[in-house]
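Some notes on the structure that comes next.
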Amino acid sequence: MSKIIVRGGRPLKGTVRVHGAKNSVLPILAASLLAEQGACVIHDVPALDDVTNIIEVLAALGVQSKRSGDQVHLHAAKLTSFEAPYELVRKMRASFLVMGPLLARLGRVRLSLPGGCAIGTRPIDQHLKGFEAMGAEIGFGQGAIEARVNGKLRGAKIYLDIASVGATENIMMAAATAAGTTTIENAAKEPEIVDLANFLNAMGAKVRGAGTGVIRIEGVERLAGVEHAVIPDRVEAGTYMVAAAISGGDVYIEGAIHDHLGPVVAKLEEMGVRVESDENGIRVVSRRPLRAVDVKTLPYPGFPTDMQAQMMALLLHAEGTSIVTETVFENRFMHVEELVKMGATIKVDGRTAVVSGGSGLVGAQVCATDLRAGAALICAALAAEGTTEVSGIHHIDRGYVDIVGKLVALGADVYRAPSPEEVLAEAEHASRHPAKIMEALGDRAPAEISRVRVQPTLA
Ligand SMILES: CC(=O)N[C@H]1[C@@H](OP(=O)(O)OP(=O)(O)OC[C@H]2O[C@@H](n3ccc(=O)[nH]c3=O)[C@H](O)[C@@H]2O)O[C@H](CO)[C@@H](O)[C@@H]1O
Ligand SMILES: C=C(OP(=O)(O)O)C(=O)O
């Protein structure tokens, strides 16, 4: 397993650019299934494992795509399957977002139950409730869900028991070409919902009210491909804001949108961090001492659950005790055990964590148990004394483009140590150019490199 190795103690300085939002691009790529004619061209697509994965899911359904740099071209005129393969769907929860568009396009869909981070049970009852209200029949069997509709989906009034982001998105997509009008009450209000609505509307849909608790979708006959640029990733931005603050740094986060990060900015300011926003980004200047603050996660516009772990790492450096309450997911404190290995004092009781700040952290061997837990461990490591080895980094690769490269550019002492398998693969690949192997690995290779015998073949 590869690891990220961080030697703490260097303040981050400089500018970091935020990539397109993972949580916007995934539903938008899924929505491309609705384009009966013309190509969708999506800009600012981040190079993330989740993106590769959903593109593979789309390919299995018959969507032709071409990726070049941060652009993806998709042609969904001819869909060839209503079934996404288990091995792809299980990797990522967001693959379930193809259900709404497939029901709308083909009237039939079969999907395995989705995977994703183990941060809670993450049921999908609200998605299914929406589809059923629109006339779909849902069946379960052999770990998969099958939904069918006779003819077209019908517009319906749907009240969500929970303002679920995924259910709001899935229902919006299903409703875009349904017969009649769909109303989603208690809809999620996240910026990613607005981005998806803007994309659908550009395709010819009639979605009104996105960003509020009530969304109305007047079904249209068909949608066509369009160009769209994805919004910047507010969670990636927030993570670099915390990294700047925790490391005692001064960082300009280019592309960060203040309006999307209101609660994160507010909490950092309450702690005493200087935050300056302009139209192109947000500058974070660390100041000491940091004050303890309480944080409670809530659906947007409340404090994002996807920033809770990183914020907890920062609170460990505040003077006093902070209370962190996680209300969105029931199992999102898995980073606590890992932070404790670094010397943190945190007590968890149900959905509440009591964080004692001010005692300093020391480097340790820790494991990223989920995506944001991994980000929090890297933030913590930046300010810890000594070296931290973070394993489980496939989770981090789901949501952060080149996190190591970006941190290095800001002055952090961090590198990625490849796994023995990766070293072997690299060695095999580079065997025609042996000098490149040592150049690529430098002194960063794990001990196992000494056991790798490279047999160069001369070109
Ligand atoms: C790809 C993506 O956009 N992921 C985000 C999305 O996940 P996701 O869309 O899965 O999150 P939801 O908003 O659906 O989940 C919020 C809560 O509702 C519950 N729930 C959800 C659906 C349902 O049918 N029944 C039900 O009980 C979930 O278990 C969870 O406790 O929003 C979450 C909450 O902001 C973020 O943490 C994720 O990063
Ligand atoms: C929980 C997250 O993602 P997902 O919903 O894709 O698991 C996240 O982005 O923090």
Correct response: the longest run of the chain lacking exposed trypsin sites (Lys or Arg not before Pro), defined by DSSP loop and at most 10 other Cβ within 10 Å, is 79-452
Arranged by the count of other C-beta atoms within 10 angstrom, fewest first, what order do 334, 342, 173 take?
334, 342, 173
Most exposed first, judged by fewest Cβ atoms within 10 angstrom, 335, 429 run 429, 335
Expressed as a percent, the portion of alpha-carbon pairs in segment 183-252 spaced more than 16 Å apart is 60
Jot down the per residue volume, in cubic angstrom and as a whole number, of the convex hull over the alpha-carbon atoms of the chain.
146
Rounded, prolate or oblate, given the Cα gyration tensor of segment 113-162, with a/c below 1.5 counting as rounded?
oblate
Out of the GluC sites (Glu not before Pro) in segment 151-228, which ones are loop residues according to DSSP with at most 15 other C-beta atoms within 10 Å?
221
Using Cα-Cα distances under 8 Å and only pairs 6 or more residues apart, what relative contact order does segment 1-148 have, in percent?
19
For 270, 338, which order do you get if you count the other beta carbons within 10 Å of each Cβ and list the fewest first?
270, 338
Need one word for segment 42-94: rounded, prolate or oblate. Basis is the Cα gyration tensor (sqrt eigenvalues a ≥ b ≥ c); a/c below 1.5 gives rounded, then a/b vs b/c decides.
oblate
Cα gyration tensor, segment 83-148 - rounded (a/c under 1.5), prolate or oblate
prolate
About the Cα centre of segment 74-167, what is the dipole size in debye to 20, counting +1 per Lys and Arg Cβ and -1 per Asp and Glu Cβ, all else neutral?
260
Positive-end residue of 320, 289, 197, charge dipole of the chain with Cβ unit charges:
197
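Read-outs throughout are calculated quantities, based only on the coordinates presented, and are distinct from any laboratory measurement. In this text, all values refer to a predicted model and were calculated from it rather than measured experimentally. Here Cβ is always computed from backbone atoms with ideal geometry, including for glycine, and neighbour counts include all displayed protein chains.
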